1. Can you find even one residue in segment 158-173 that is among the acidic types (Asp, Glu), touching a helix residue (DSSP H, G or I) at 6+ places or on another chain (Cβ under 8 Å) and free of Cβ contacts under 8 Å to residues at least 60 places away in the same chain?
2. Can you name every residue in segment 125-145 that is among the aliphatic types (A, V, I, L, M) and in a loop (DSSP other than H, G, I, E, B)?
3. Looking for whichever is acidic (Asp, Glu), farther than 27 Å from residue 85 by Cβ and surrounded by fewer than 21 Cβ atoms within 10 Å (Cβ to Cβ) here; the options are 142, 184. Which one fits?
4. Check residue 148 against each of (1) more than 25 Å from residue 85 (Cα to Cα); (2) assigned to a strand (DSSP E or B) and name the one condition it does not meet.
5. What pairs come out if I take residues in segment 83-106 that are open to solvent by less than 80 Å² (accessible area, probe 1.4 Å) and pair them with residues that are in a helix (DSSP H, G or I) and among the small types (Gly, Ala, Ser) whose C-beta lies under 7 Å away, six or more apart or interchain?
6. Is it true that residue 165 is touching a Phe, Trp or Tyr at 6+ places or on another chain (Cβ under 7 Å) and assigned to a helix (DSSP H, G or I)?
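The values are calculated or read from the model by the stated rules, or taken from the named source; none is laboratory data. These numbers come from a predicted model, not from an experiment. Don't worry about glycine lacking a Cβ; one is built from the backbone with ideal geometry, like all the others, and counts go over all protein chains shown. Accessible surface is based on the protein model in full, side chains and every heavy atom, while ligands, DNA and RNA are left aside. Shrake-Rupley method; radii C 1.70, N 1.55, O 1.52, S 1.80 Å.
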Amino acid sequence: MEAMPCRNQRLGPAPGPQDEQQPPVVLAAAAGGGCSRLIRFAEPDEGGESSPSPDSSSSSNNNGGVLVEVRSPAAEIGAQLKLLPMNDQIRELQTIIRDKTASRGDFVFSADRLIRLVVEEGLNQLPYTECTVTTPTGYKYEGVKFEKGNCGVSIMRSGEAMEQGLRDCCRSIRIGKILIQSDEETQRAKVYYAKFPPDIYRRKVLLMYPILSTGNTVIEAVKVLIEHGVQPSVIILLSLFSTPHGAKSIIQEFPEITILTTEVHPVAPTHFGQKYFGTD
């Protein structure tokens, strides 16, 4: 029987050396004229209006329009920080979550959708083995199956918002919890509670925390995981939004950890947990 290709197998012609060397450039069409602009990272100026990031560079195209390329802060942090490929769907979900006028119903619905996208990509970072199965029509399909030995760990309370998204993708996955709060006197992150699967030291860990602001909470959580025998190299941090400072602090402390998020921006939606759980 003819073998069907695996989903990761390239079907088209391989890219040439020039194609591989050229980094992808994401552009959004601007209103009016022949101008294209990448507007993902916009910062408010003194008058409250949005303007391109300070590290933007622009050049003219052949049609007289302007191409504005914004250098993502993620590129300056390192390969361990991975961003979901940006598209209009993700951009809209980010917009609703950041919109202060959004109803809680719309907020939770959009947050759950974005969480699901991040969780799916997080699972895509886990190791797998190749396998062959037989289809109902008798064909042999060369596919893959994920290796066993994974678990989730949510940082309470906002991290619990991501648990259902993980369970929707992995019905039987085990999930641990960590409660970390800032000490009222020292303002330092302090661990109050931690419960993990007993064999967590043998598992790959999907650490869930939706908003990375300073990174201090995640750093303390990773330290607790290390105390339980987990190596930073098997930890994948799933996050929705991150600041450059937060991501950089975590990677500087643990260079082997992987961070997966949808956006790196100086202003993070820190109201996420309160609005998601209705305590705002």
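1. Yes, segment 158-173 has at least one match.
2. 126
3. 184
4. (2)
5. Between residues of segment 83-106 that are open to solvent by less than 80 Å² (accessible area, probe 1.4 Å) and residues that are in a helix (DSSP H, G or I) and among the small types (Gly, Ala, Ser), the close pairs are 83/74; 93/110; 96/110; 97/110; 97/111.
6. The answer is no for residue 165.
Yes/no per residue for (1) modelled with pLDDT of 95 or more; (2) outside any loop (DSSP other than H, G, I, E, B); (3) out of contact with any Ser or Thr (no Cβ under 7 Å at 6 or more places or on another chain):
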position: 67; (1), (2), (3): no, yes, no
position: 91; (1), (2), (3): yes, yes, yes
position: 97; (1), (2), (3): yes, yes, no
position: 105; (1), (2), (3): yes, yes, yes
position: 111; (1), (2), (3): yes, yes, yes
